[in-house]
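Visitor: One structure coming up, written as structure tokens, with questions to follow.
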Amino acid sequence: MEPDAIFISAQQIEVIKILTQGRELGIPTDIPFISHVLSIDEIQSAGNAAESAITFTSWVSTADIPGNQAFVQKYTEKYGMEPSVWAAQFYAAAYILAEAIKNAQSTDSAATDSAAIAAALAEIKDFDTILGKFSFNAIGDAVYDPVVLIVKNSKLEVFE
């Protein structure tokens with residue numbers, strides 16, 4: 001077999017083992033492993049075996065999106081380290097919720113407010129966040145462009 005890529009669908013600890021074993025078995029780095037779960041922690045654990053692996057995420061600290069660099073700078077100053085994707089998603093979620101609360105304009109009762117906020121959330125379309133333009137689709141799923149990353153020199157870089 002001569003694959004162009006190898007897809008991995010596994011939990012984080014298994015991804016590390018698959019990367020390592022794959023390279024030990026002689027799978028060269030010009031055949032990338034593609035995984036939905038690959039953070040800097042997994043890359044460090046897998047070492048050189050992670051080289052050329054590809055992953056998908058919702059956010060990257062180096063993105064040139066309005067407000068992103070200010071978020072990264074403020075977070076790093078406060079916590080002494082760069083934010084994780086989880087911190088970025090929570091930050092974006094708080095802004096999305098605040099937008100829905102503002103748009104709901106309902107102060108009648110808690111039940112009415114929650115219904116109005118839920119309705120306002122459903123109406124969010126192309127809202128600027130550090131994840132990029134954000135919307136909810138007709139069934140309530142989040143819609144935004146994912147970021148594709150590749151491991152180069154033990155670091156995640158935007159795949160182009």
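Visitor: Percent antiparallel among DSSP beta bridges with both residues in the chain, to the nearest 5?
Guide: Here the antiparallel bridges make up roughly 70 percent for the chain.
Visitor: May I ask which of Lys102/Lys125; Lys74/Lys133; Lys17/Lys152; Lys133/Lys155; Lys78/Lys152 have a Cα-Cα span longer than 24 Å here?
Guide: Lys133/Lys155; Lys78/Lys152
Visitor: Determine, at each q value in 0.12, 0.13, 0.26, 0.28 (inverse angstroms), the log₁₀ of I(q)/I(0) that the Debye formula gives when each Cα of region 68-143 is one equal point scatterer.
Guide: -0.41, -0.47, -1.12, -1.22
Visitor: Could you give the semi-axes, largest first, of the ellipsoid that matches region 29-77, computed as the square roots of 5 times the alpha carbon gyration tensor eigenvalues and rounded to whole Å?
Guide: They are 26, 13, 8 Å, listed largest first.
Visitor: Now a separate question. Provide Rg over Rh for the chain; use the alpha carbon set for both Rg and the Kirkwood Rh (inverse mean inverse pair distance).
Guide: With Rh from the inverse mean 1/r over Cα pairs, Rg/Rh is 1.09.
Visitor: I want to verify a result. In a Gaussian network model of the chain, Cα cutoff 10 Å, which of these has the top mean-square fluctuation: Ala119, Ala46, Ala93?
Guide: Ala119
Visitor: Kindly provide the helix-only [θ] at 222 nm of the chain, computed as the sum of -39,500 (n - 2.57) over DSSP H runs of four or more divided by all residues, to the nearest 500 deg cm²/dmol?
Guide: -13000 deg cm²/dmol
Read-outs throughout are calculated quantities, based only on the coordinates presented, and are distinct from any laboratory measurement. Predicted model, so just to flag it, every value in this text is computed and none were measured.
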